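Q: Let me begin by handing over the structure; questions about it come next.
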Amino acid sequence: MRLLPFLLIPCVLFANTDRVIFHHIPKTGGITTRSVLNSNFSKEETLPEFYQFQIEGRPISELFQYKFIRGHFPVCRLKEVPGKRVTFLRGPIKRVLSAHRYYNQHFKKSPDNEISREFICSPEDPLETMRNHQCKFLSSLDMYDPNISDKEHLESAKYNLEHNFFFVGITEDLDNALPILCRLLKLAPPPNVPKCNRTRKPKEGYPEEIIRGIRERNWADIQLYSFAKQLYEKKYKAAAD
């Protein structure tokens, strides 16, 4: 079990501050969430970078100057930055298929587009992507360490969602979840929730063997998503009613 090093980190690092840290898992409605939250922070208060590779090697202390950090930053890279952590999870099968469509509709046409390639599916095969990506993204353990099992990432991610996140939302309930998040952050809720960065679904759908393959390869994400849904209903949605 590799949770112990994370649990030994001083609790003050996770204390609530005015800083909001949005851990944006790709293809979970993050652009919509970002657009709603952006208006509440000035340009100077907001970390301008969106991707981990853009801040790699910088001292963590440099990030303390920002009140709003949002982007494709896994928990393991920002766990020493205190703040109100926010994330959204999406049904794993829908998320993987959306990532596959995104590659074909955007990145494939613009290969120089500045995105994190490891988060995007192969254009030829929607099964060729990081397995159990949501677990690894929300785990405190190094998501790039091949010696850490998916089970260990799952347990770390579940602990983080329950104990170290200010808000855990569900993409499928985004219209309700975003106003709830705003109220909990004491921000004005949006008059309407925009629909940003959607991908076009194929008319013919996906073969059952593809769906089955995604389900088998993302078993830990399926468990984490079920856990997050229960947490959202009990801890966040109910509290805002």
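The values are calculated or read from the model by the stated rules, or taken from the named source; none is laboratory data. For clarity, every value in this text was computed on a predicted model and none was experimentally measured. Virtual Cβ from ideal backbone geometry, glycine too; neighbours counted across all protein chains shown.
Q: Pick out the one residue from His72, His100, His23 that is surrounded by 20 or more Cβ atoms within 10 Å (Cβ to Cβ) and either more than 24 Å from Ala228 (Cα to Cα) or modelled with pLDDT of 95 or more (or both).
A: That would be His23, the only listed residue that is surrounded by 20 or more Cβ atoms within 10 Å (Cβ to Cβ) and either more than 24 Å from Ala228 (Cα to Cα) or modelled with pLDDT of 95 or more (or both).
Q: If I filter the stretch 26-67 down to residues being in a helix (DSSP H, G or I) and of a type in the set (Phe, Trp, Tyr), which single residue comes out as modelled with the highest pLDDT?
A: Initially, the stretch 26-67 is screened for residues in a helix (DSSP H, G or I), giving 30-38, 52-55, 60-65.
Of the ones still in play, those that are also of a type in the set (Phe, Trp, Tyr) are 53, 64.
Working: Phe53: 88, Phe64: 95.
Checking each candidate, the answer is Phe64.
Q: For the stretch 144-160, what are the residues that are surrounded by fewer than 22 Cβ atoms within 10 Å (Cβ to Cβ) and of a type outside the set (Phe, Trp, Tyr)?
A: Residues satisfying the conditions are Asp145, Pro146, Asn147, Ile148, Ser149, Asp150, Lys151, Glu152, Glu155, Lys158.
Q: Further question on the same structure: So is Pro190 touching a Cys at 6+ places or on another chain (Cβ under 8 Å) and in a loop (DSSP other than H, G, I, E, B) or not?
A: On the way: touching a Cys at 6+ places or on another chain (Cβ under 8 Å): yes; in a loop (DSSP other than H, G, I, E, B): yes.
The answer is yes for Pro190.
Q: Sticking with this one: Run down Leu161, Leu174, Leu178, Leu185 and say which single residue is touching a Pro at 6+ places or on another chain (Cβ under 7 Å) and hydrophobic (A, V, I, L, M, F, W, C). Before the answer, list the steps.
A: Numbers: Leu161 fails: touching a Pro at 6+ places or on another chain (Cβ under 7 Å); Leu174 fails: touching a Pro at 6+ places or on another chain (Cβ under 7 Å); Leu185 fails: touching a Pro at 6+ places or on another chain (Cβ under 7 Å).
None of the other options fit; the residue is Leu178.
Q: List every residue pair whose Cβ atoms lie under 6 Å apart, where the two residues are 6 or more positions apart in sequence or sit on different chains, the first residue falls within the stretch 35-49 and is without any contact (Cβ under 8 Å) to a residue 24 or more places away in the chain, and the second residue, located anywhere, is surrounded by 10 or more Cβ atoms within 10 Å (Cβ to Cβ) and not in a helix (DSSP H, G or I).
A: Between residues of the stretch 35-49 that are without any contact (Cβ under 8 Å) to a residue 24 or more places away in the chain and residues that are surrounded by 10 or more Cβ atoms within 10 Å (Cβ to Cβ) and not in a helix (DSSP H, G or I), the close pairs are Glu45/Lys67; Glu45/Phe68.
Q: Still on this structure, please answer the following. Only one of these is modelled with pLDDT of 90 or more, within 18 Å of Ser98 (Cα to Cα) and either surrounded by 22 or more Cβ atoms within 10 Å (Cβ to Cβ) or of a type outside the set (Asp, Glu) (or both): Arg131, Arg183, Arg217, Arg200. Name it.
A: Only one candidate qualifies: Arg217.
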